[in-house]
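*Asks:* This is the structure I want to talk about, given as structure tokens.
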Amino acid sequence: MFHYPVEKVTSVLADIIRQNVSADVWQWMEERTVSFTTAQFNTAFALLPRKTGKAIVRFTDEQDRSLQSARPGFVIRGWTIDRLARVWLLLQLDASEKESYFQTIENLFPAAEMQELVALYSALPVLAYPEMWTKRCAEGIRSNIGDVLQAIMCNNPYPSENLSEAAWNQLVLKAFFTEKPIHQINGLDKRCNAELAGVLSDYAHERWAAGRPVNPQLWRCAGKFINEKNFPDIERIAFSENAVEREAAALACWDSNYSPAKDLLNQNKELKAAIETGELTWQTVAGKATLVHP
Amino acid sequence: MQERTAVPFNRESIKGMTFFDPHVHMTSRTTDDYQAMADAGVVGLIEPAFWLGQPRTGVASFRDYYSSLVGWERFRSSQFGIKHYCTIGLNSREANNEALAEQVMEILPLFIYKEGVVGVGEIGFDDQTAAEEKYYRLQLDLAKEASLPVQIHTPHRDKKRGTTRSMDIALEQGLDPYMVIVDHNNEETVKEVLDRGFWAAFTIYPFTKMGNERMVEIVKHYGTERIMINSAADWGISDPLAVPKTAALMKERGIPEEAIRLVTYQNAITAFAQSGQINEADFAAVTQIDQSQKFEGNTVLRGGQQPRVDKDSMIIR
């Protein structure tokens, strides 16, 4: 069912929630989990923010470490308390009956408002039967609602662990399209693939042709797949007037085994040295990346 | 046709004022309207659930509609810096399809407890049939149970009697009149509504409902207590700037600024905030949240706001 120690996560979340809501509210939440019909569960899920409020959750570093060791990649930083409480509530469902467990959660999606969708998609990495939610996750990527997309794309380990290559590539491409913080995509480097590198290169060409700016982080997915076809792209940004684009080119070449790319990097001793000392990384590029006009 | 003289909308006179439109059907409006509303000072609005101009044939259409009111439309609004609330209910016209109405009643509880749902509405009478009355009463019960305000649509035809009857029934079902907003009032209905302790909303809507010159006279006569105005802009010939325009007209005709603030902003918020779902701080947060959470310095496009298009430019990029 669960692919991680769920009791550990549930207990840390319970501690965090207790610290962030009043005793009355916590008691109300606990009462909701003793025994409940689906209708009661749905109602509790919908009206949780009325009880918990919507303040940003506070928690200790120790609690964060406990969560990370129990469920790596499950990051709750910046979450509001209602979002966290909803995820906790979902973890109270009995997962032993696979079909009814799936239906109860799946039925929440079509009637969900924005913040409910955010909570639901945030819960994917801690739900039972991870393989069962891949279609739902792919459907979420089709959303046009910014916060919902961000809940799926950023600081969420579920997609990189479970999505097919096609759905994963769609997520990354859409993240660029909708200008999400790319460096917060969990597993981005691990799941780079040749198909994605090609699609992103085409995307960059379209943007250039339209005279529209391109995010330099796009080349993060290209490094391992530089070949004779996309090497001219790398050359183009290596000689860009924009410093961040030149840095992106250097980093892409650093990741590459394609010898013309290695030669290109060797021409720029300064950037190469910065990469070697760790001064220049994709994280530092992310920190200053803006869209670069051609 | 009456002779009409054009008086330009003097935006300068209401500069810096903020407005709240407690009845506007944004689903049927364009992004141009959102931009114009934001520019004119509208910071929040309520979109009541209503019919779509033609009857729906299945419960899934209702579910998708309610879901869009708390989902896509709310998001669309936030992109223009306007906080979007809604009321959820089965409108009177479609209450007449009883087989469908039964199914809709079943899904309503899924939506009325949602965040940002500030009431049950718009409900009431259209044709004043038995079926309309049945589902009106059932939804009043629902609102009472959920401690939500009720937004009542009063009928176009046989308005005065329909309004009286709507209030009678609300009291029979045990609702506190202070939790009930009676909408689409006119000179004929306002006195009774106020006397009985209900909120009186006025829809500034050309040709068929109130004009704003008449509205100025109403405020002069009845004052501001429990009075609010809205645009009820929808897919008909209507004006999403009705609230700020009426504010400008009131100012020009000597109504004090505090009185204008009450009928174009505060009273609606006071009435619907009884739901516990309106926080004025959210009006400011619509843009701030987007800025801090969505982009984190990664793009030139800030604030989750739609880039503005220069409508006067022939070039489109």
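The values are calculated or read from the model by the stated rules, or taken from the named source; none is laboratory data. All values derive from a computational prediction rather than experimental measurement. For neighbour counting, all protein chains shown are included, and Cβ atoms are generated from backbone atoms with ideal geometry for every residue, glycine included.
*Asks:* Anything in the range A:147-168 that is over 13 Å from the mean Cα position of the chain (by Cα) and under 22 Å from residue A:120 (Cα atoms)? List them, or say none.
*Replies:* Kept after step one, since they are over 13 Å from the mean Cα position of the chain (by Cα), are these residues of the range A:147-168: A:164-167.
Within the range A:147-168, A:164, A:167 meet the criteria.
*Asks:* Quick one: would you say residue A:233 is among the acidic types (Asp, Glu) and either crowded, with 19+ Cβ neighbours inside 10 Å or modelled with pLDDT of 95 or more (or both)?
*Replies:* Numbers: among the acidic types (Asp, Glu): yes; either crowded, with 19+ Cβ neighbours inside 10 Å or modelled with pLDDT of 95 or more (or both): yes.
Considered against the rule, which asks whether it is among the acidic types (Asp, Glu) and either crowded, with 19+ Cβ neighbours inside 10 Å or modelled with pLDDT of 95 or more (or both), residue A:233 comes out as yes.
*Asks:* Please work out which residue is nearest to the other protein chains (Cβ to nearest Cβ), limiting yourself to the range A:142-159 and to residues that are among the polar types (S, T, N, Q) and touching a helix residue (DSSP H, G or I) at 6+ places or on another chain (Cβ under 7 Å).
*Replies:* Taking the range A:142-159 as the starting set, the residues that turn out to be among the polar types (S, T, N, Q) are A:143-144, A:150, A:155-156.
Next cut, touching a helix residue (DSSP H, G or I) at 6+ places or on another chain (Cβ under 7 Å) only: A:143, A:150, A:155-156.
Working: A:143: 9, A:150: 6, A:155: 11, A:156: 14 Å.
It comes out as A:150.
*Asks:* How many residues, within the range A:179-195, are more than 9 Å from chain B (Cβ to nearest Cβ) and part of a loop (DSSP other than H, G, I, E, B)? Walk me through how you get there before you give the answer.
*Replies:* We begin by selecting, within the range A:179-195, every residue more than 9 Å from chain B (Cβ to nearest Cβ); these are A:185-195.
Those left that are additionally part of a loop (DSSP other than H, G, I, E, B): A:186-193.
Residues flagged as more than 9 Å from chain B (Cβ to nearest Cβ) and part of a loop (DSSP other than H, G, I, E, B) within the range A:179-195 amount to 8.
*Asks:* May I ask you to verify whether residue A:9 is assigned to a helix (DSSP H, G or I) and β-branched (Val, Ile, Thr)? Outline the logic, then answer.
*Replies:* Details: assigned to a helix (DSSP H, G or I): yes; β-branched (Val, Ile, Thr): yes.
So residue A:9 fits the description; yes.
*Asks:* Of (1) among the acidic types (Asp, Glu); (2) within 14 Å of chain B (Cβ to nearest Cβ); (3) assigned to a loop (DSSP other than H, G, I, E, B), residue A:139 satisfies all except one. Which?
*Replies:* (3)
*Asks:* Among (1) loosely packed, with under 15 Cβ neighbours inside 10 Å; (2) assigned to a helix (DSSP H, G or I); (3) at pLDDT 95 or above, where does residue B:163 come up short?
*Replies:* Of everything listed in (1) loosely packed, with under 15 Cβ neighbours inside 10 Å; (2) assigned to a helix (DSSP H, G or I); (3) at pLDDT 95 or above, residue B:163 misses just condition (1).
*Asks:* Of the residues in the range A:203-230, how many are in a helix (DSSP H, G or I) and either of a type in the set (Val, Ile, Thr) or touching a residue at least 40 places away in the same chain (Cβ under 8 Å) (or both)?
*Replies:* We begin by selecting, within the range A:203-230, every residue in a helix (DSSP H, G or I); these are A:203-209, A:216-221, A:223-225.
Then keep just the ones that are either of a type in the set (Val, Ile, Thr) or touching a residue at least 40 places away in the same chain (Cβ under 8 Å) (or both); that gives A:207-208, A:216-218, A:220-221.
Count: 7.
*Asks:* Quick check on the range B:191-217: of everything there that is assigned to a helix (DSSP H, G or I) and surrounded by 20 or more Cβ atoms within 10 Å (Cβ to Cβ), which residue is modelled with the highest pLDDT?
*Replies:* B:193
*Asks:* Determine whether residue A:198 is in a loop (DSSP other than H, G, I, E, B) and touching a residue at least 24 places away in the same chain (Cβ under 8 Å). Even if it seems obvious, please write down each step before you answer.
*Replies:* On the way: in a loop (DSSP other than H, G, I, E, B): no; touching a residue at least 24 places away in the same chain (Cβ under 8 Å): yes.
So residue A:198 does not fit the description; no.
*Asks:* Moving on to the next point. Would you pick out the residues in the range B:78-90 that are small (Gly, Ala, Ser) and more than 11 Å from chain A (Cβ to nearest Cβ)? Reasoning before the result, please.
*Replies:* In the first step, residues of the range B:78-90 are kept if they are small (Gly, Ala, Ser); the result is B:78, B:81, B:89.
Across the range B:78-90, the qualifying residues are B:81, B:89.
*Asks:* While we're looking at this one, here's another question. Could you check, for the range A:45-54, whether at least one of its residues is assigned to a loop (DSSP other than H, G, I, E, B) and within 14 Å of chain B (Cβ to nearest Cβ)?
*Replies:* The initial filter retains those residues of the range A:45-54 that are assigned to a loop (DSSP other than H, G, I, E, B), namely A:53-54.
Retained after the next criterion (residues that are within 14 Å of chain B (Cβ to nearest Cβ)): A:53-54.
Yes, because at least one residue in the range A:45-54 is assigned to a loop (DSSP other than H, G, I, E, B) and within 14 Å of chain B (Cβ to nearest Cβ).
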